[in-house]
Amino acid sequence: MERERQNPERHRRPRTITPLSTPAIGGRGRLRFPYSQDELRTLVKNALDEDGAFNDVTTLATVVSDRRARARLVARRAGVISGVPLAVEAFCTLDPKVTIRVDQEDGARVERGDSILYLTGHARALLAAERVALNFMQRLSGVASLTARYVDEVRGTKAKILDTRKTTPGWRLLEKYAVRCGGGTNHRLNLSSAVLIKDNHLAAVEGDVGVAVRRARDLAPAGTKVEVECETIDQVRAALDADADIIMLDNMSPAQMAECVRLVDGRAITEASGGVNLDTVRRISETGVDWISVGALTHSAPALDLALDFE
């Protein structure tokens, strides 16, 4: 017992993320940050430049240059954390000698008052980096937290919660990473990564699902998944006949979805889309669909309330 008191670091839990790697999930199920070290450095440096952090006139005028400080980045509300590597980089860029203890990794669930980072460094640097670090983390943690709420609602069913392409321009990789932090699954990354035939595409071929799927198969690289958006059971039948890989059940009632799931009977992946919110997602999941895509995860997630408190 005396040894444990003398060496508390020995019993700290191991880090649970591996930043700076491209794959979404590592071999041990660890979250992977979507940018390389150089990409991360550039992204954060640009954000600091945008904020004028290298010429913070308020801090320069009020804080002496050799003043040191200690601070905690804390949660003001319960949620799920995302964006720790970005915050760490922001503080390190302005003070390369800053000491940072990571108390909560990306993907961790926190309660109000929990410490996420504990920092010791030059007061000027901590103050100048504060807003950029918080902007990154509050936005991404908001996405992760909302995603986790949806994931919790469908727990016990086979449905997976997926994001969409309704992301902030320039932030897609980060926001889709935040969805993974919250326990969600990424849908296609962009227009080139999979085929999704929607109503306007079908209008260009007089509504013929078979023709649209065949043309997609002819053009897309081998192995590309082909998905068809369906609004009626007749379109679902046509998509099945055309051997679509994924069938999107768009804006259907739960009863209609359940009927389509029975019709598909495992011959394609079924995805529910449209009209999904926290009040409806459980009922939708109980229809037996495989996927539920939710645009709100990224286009409407409120920021998680975080703050940097100085001691």
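Overview of results
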| item | result |
| --- | --- |
| Segments classed as helices (runs of 4 or more DSSP H), wholly inside segment 157-244, with at least 1 members that are surrounded by 19 or more Cβ atoms within 10 Å (Cβ to Cβ) and within 12 Å of the chain's Cα centre (by Cα) | 172-181 |
| The listed residue being touching a strand residue (DSSP E or B) at 6+ places or on another chain (Cβ under 8 Å) and outside the structural domain of Asp51 (by TED's automatic domain parsing), out of Ala203, Ala144, Ala194 | Ala194 |
| Some residue of segment 37-45 being at pLDDT below 95, within 20 Å of Gly183 (Cβ to Cβ) and of a type in the set (A, V, I, L, M, F, W, C) | no |
| Residue in segment 112-130 that is touching a Gly at 6+ places or on another chain (Cβ under 9 Å), part of a loop (DSSP other than H, G, I, E, B), surrounded by fewer than 19 Cβ atoms within 10 Å (Cβ to Cβ) and not charged (D, E, K, R) present | no |
| Residue pairs meeting the criteria (Cβ under 6 Å; at least 6 apart or on separate chains; first among the hydroxyl-bearing types (Ser, Thr, Tyr), in segment 78-96; second assigned to a loop (DSSP other than H, G, I, E, B)) | Ser82/Asp106 |
| Candidate set from segment 147-162 (those that are in contact (Cβ under 8 Å) with a residue 60 or more places away in the chain and in contact with a strand residue (DSSP E or B) (Cβ under 7 Å, 6 or more places away or on another chain)); member that is farthest from Asp309 (Cα to Cα) | Ala159 |
| Residue count for segment 143-156, restricted to those that are out of contact with any helix residue (DSSP H, G or I) (no Cβ under 8 Å at 6 or more places or on another chain) and assigned to a helix (DSSP H, G or I) | 5 |
| Matching option when the condition is crowded, with 21+ Cβ neighbours inside 10 Å, modelled with pLDDT of 95 or more and of a type in the set (A, V, I, L, M), among Ala71, Ala78, Ala90, Ala61 | Ala90 |
| Qualifying residue in segment 133-144 (condition: out of contact with any Ser or Thr (no Cβ under 6 Å at 6 or more places or on another chain), more than 20 Å from Leu73 (Cα to Cα) and not acidic (Asp, Glu)) | no |
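The values are calculated or read from the model by the stated rules, or taken from the named source; none is laboratory data. Being a predicted model, the structure only gives us computed values, none of them experimental. Note: ideal-geometry Cβ built from the backbone for every residue, glycine included; neighbour counts use all protein chains shown.
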